[in-house]
Amino acid sequence: MKIVNTLIYITIVASLFGCGNSQSEYSTTGSEFPNKMPENIVMSYRAFGGYRPITYEIRISDKSISVDKHGGEDNPEKWTETISSKEKTEIYETFVRNEFDLIENEKAKGYSSDTVTEIIKIHFEEFTKAIEYEEREKPLSKQNLTRFRNIVKAIETLAKSHDRNRT
């Protein structure tokens, strides 16, 4: 009986510390994203509509970030800048940490014609996922909205750090 208890104890300790398991190429959180950023990945954020209709898009691909903003009363803005592979990887890691591939919309709560719609999209290899958020028509749970906003913040922060017109 003492040997059985010892074996059970060793098995539990080994499983807690990951002994005997090789590191998976995929996340262990339930997300199906590879831990290592895939080649030829494209990540984007787009917002459009609202009371003052505007379209605002940030796109990260290859070694660049592009911003295209037009509509409303603001001056149009369009630019592309080079980014480092580290910056691109950090954005990808934000998608992984926030388990973007597991975010799902809740049931619609109504219709609104004057709110902004936001879309985050990621594409690599055979995988494409886009999440559309609009407060009433495409709502997200509080947890999913937090994860969505974390990704938006990371993308916008990177764009602002490369904006030639920043003050």
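Of all residues in segment 13-71, which are in contact with a strand residue (DSSP E or B) (Cβ under 8 Å, 6 or more places away or on another chain), on the phi > 0 side of the Ramachandran plot and at pLDDT below 90?
Scanning segment 13-71 gives Gly49, Gly50, Gly71.
Of Glu87, Glu99, which residue is touching a Gly at 6+ places or on another chain (Cβ under 8 Å), surrounded by 15 or more Cβ atoms within 10 Å (Cβ to Cβ) and either touching a residue at least 12 places away in the same chain (Cβ under 8 Å) or at positive phi (or both)? Quick ask: steps written out before the conclusion?
Working: Glu87 fails: touching a Gly at 6+ places or on another chain (Cβ under 8 Å).
Result: Glu99 is the single residue among Glu87, Glu99 that is touching a Gly at 6+ places or on another chain (Cβ under 8 Å), surrounded by 15 or more Cβ atoms within 10 Å (Cβ to Cβ) and either touching a residue at least 12 places away in the same chain (Cβ under 8 Å) or at positive phi (or both).
Within the bounds of segment 95-108, is there any residue that is under 18 Å from Tyr56 (Cβ atoms) and more than 12 Å from the chain's Cα centre (by Cα)?
No, because not a single residue in segment 95-108 is under 18 Å from Tyr56 (Cβ atoms) and more than 12 Å from the chain's Cα centre (by Cα).
Tell me which residues, restricted to segment 43-78, are in contact (Cβ under 8 Å) with a residue 12 or more places away in the chain, part of a loop (DSSP other than H, G, I, E, B) and over 26 Å from Val96 (Cβ atoms).
Answer for segment 43-78, where residues must be in contact (Cβ under 8 Å) with a residue 12 or more places away in the chain, part of a loop (DSSP other than H, G, I, E, B) and over 26 Å from Val96 (Cβ atoms): Gly50, Tyr51, Arg52, Pro53, Gly72, Glu73, Asp74.
Can you name every residue in segment 122-149 that is in a helix (DSSP H, G or I), under 19 Å from Phe48 (Cα atoms) and either over 16 Å from the mean Cα position of the chain (by Cα) or touching a residue at least 24 places away in the same chain (Cβ under 8 Å) (or both)?
Within segment 122-149, Phe148 is the sole residue that qualifies.
The values are calculated or read from the model by the stated rules, or taken from the named source; none is laboratory data. Note that the structure is predicted; figures quoted are calculated from it, not measured. Here Cβ is always computed from backbone atoms with ideal geometry, including for glycine, and neighbour counts include all displayed protein chains.
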